[in-house]
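Accompanying notes for the structure given below.
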Amino acid sequence: MIRKIGGALGLSIILAGALFAVTNCKPKETGQLAPVEVREYQGQKLSSVNDFRENSIKGPQKVNINNYKLSITGLVKNPEEYTYAQILQNYQSYEKVVTLNCVEGWSATVLWKGFLAKDLIAEAGPLSEARVIIFHAYDGYTTSFPIEYIMNNDILIAYHMNGASLLPERGFPFQLVAESKWGYKWIKWITKIELSDDTNYRGYWEKRGYSNTGDLDKGFFDND
Amino acid sequence: MINNALKSHIAKAIVHWSLLALVVLYFVTGLGITQYRAVEAFTFGLLTKTLSFKVHNNLWFPFLVLLVLHIYQRIGKPNRTYK
């Protein structure tokens, strides 16, 4: 009896050892961990995605990426619609550390990654009458810029921040990195880019008294 | 004499209550900036974020004046009672 138990125990140990050896010899598949944000870039300390305060007009938007289209319309030769994947595949990506300054008094310095707004607009072919670029968001928010601001500067439309994909509350799939402008010009959840000749167009907060240029070196209630 | 004491008491009361009102206004307009969706709904659209900003940013001077008066009334002159 004792010999039988001893034999069974020995066999179990041998089998367990063999199983251990087999599983450890086999190369393991790479697991997917949650994205970790970069907190320092080229010696510069970065803010966390959690340092942003939620102050959008209708709360965080959950955009269904399967139905999502970014359209470019208005005074362009080739109006176009792109899926999220098409944008990521077809446009050169760039990285830049830019600080967002909110009118509420807080700021956040982030490593942004995205494509240049001017690349997308140039491909659509702006007509000569186009003066203003109006950005529309999923929640109905809008803001606008003179066409020169977008075309003469390297303004990013970001899809990553601090090395991780944008979170829904941070503007997934795309947020404008409107550097040198107050935070209300950094439109999130972009769905449409419209070129217009309406220089009197005012966005959501601009209609409510905020500066239309939104220049950081001026007060946000300064008349333009 | 009684009149002066009464006047002083009324002046103190005005400063105290004004200061309290201003503190509440500071607080509410601050919320009107950071929690503007809730405050706009709660005030039926009366206190917008833009208005909150404008009021909040201009409160510091009257607040300072009332605070100085309040401190002066308490420290500069001892409490007096009137009958």
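The values are calculated or read from the model by the stated rules, or taken from the named source; none is laboratory data. Being a predicted model, the structure only gives us computed values, none of them experimental. Positions of Cβ are backbone-derived with ideal geometry, glycine not excepted, and every protein chain shown enters the neighbour counts.
Numerical summary
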read-out	value
Residue in the range B:71-78 that is within 14 Å of chain A (Cβ to nearest Cβ) and either modelled with pLDDT of 95 or more or surrounded by fewer than 14 Cβ atoms within 10 Å (Cβ to Cβ) (or both) present	no
Within the range A:100-110, tally of residues that are buried (at least 20 other Cβ atoms within 10 Å of the Cβ) and within 14 Å of chain B (Cβ to nearest Cβ)	0
Qualifying residue in the range B:9-16 (condition: at negative phi, without any contact (Cβ under 8 Å) to a residue 12 or more places away in the chain, within 14 Å of chain A (Cβ to nearest Cβ) and surrounded by 11 or more Cβ atoms within 10 Å (Cβ to Cβ))	no
Any chance A:Lys96 is within 17 Å of A:Trp186 (Cβ to Cβ), of a type outside the set (A, V, I, L, M) and within 14 Å of another protein chain (Cβ to nearest Cβ)	no
Residue within the range B:46-58 that is more than 30 Å from A:Ile57 (Cα to Cα) and under 16 Å from the mean Cα position of the chain (by Cα) present	no
Residue match in the range A:141-151 (condition: touching a helix residue (DSSP H, G or I) at 6+ places or on another chain (Cβ under 8 Å), buried (at least 23 other Cβ atoms within 10 Å of the Cβ) and among the β-branched types (Val, Ile, Thr))	yes
Residue match in the range A:54-72 (condition: modelled with pLDDT under 90, surrounded by 14 or more Cβ atoms within 10 Å (Cβ to Cβ) and not in a loop (DSSP other than H, G, I, E, B))	no
B:Ala21 vs. criteria more than 15 Å from A:Glu104 (Cβ to Cβ), under 20 Å from the mean Cα position of the chain (by Cα) and at pLDDT 95 or above	yes
The range A:41-53, subset over 11 Å from A:Glu169 (Cβ atoms) and part of a loop (DSSP other than H, G, I, E, B), residue farthest from the chain's Cα centre (by Cα)	A:Gly43
Subset of the range A:41-60 (residues that are more than 14 Å from every other protein chain (Cβ to nearest Cβ) and either of a type in the set (S, T, N, Q) or touching a residue at least 40 places away in the same chain (Cβ under 8 Å) (or both))	A:Tyr41, A:Gln42, A:Gln44, A:Lys45, A:Leu46, A:Ser47, A:Ser48, A:Val49, A:Asn50, A:Asp51
Identity of the residue in the range A:83-95, out of contact with any Lys or Arg (no Cβ under 8 Å at 6 or more places or on another chain) and touching a residue at least 12 places away in the same chain (Cβ under 8 Å), that ends up surrounded by the fewest Cβ atoms within 10 Å (Cβ to Cβ)	A:Gln92
Subset of the range B:28-52 [more than 12 Å from every other protein chain (Cβ to nearest Cβ) and assigned to a loop (DSSP other than H, G, I, E, B)]	B:Thr43, B:Phe44, B:Leu46, B:Leu47
Residue within the range A:150-161 that is of a type in the set (Gly, Ala, Ser) and more than 20 Å from A:Gly105 (Cα to Cα) present	yes
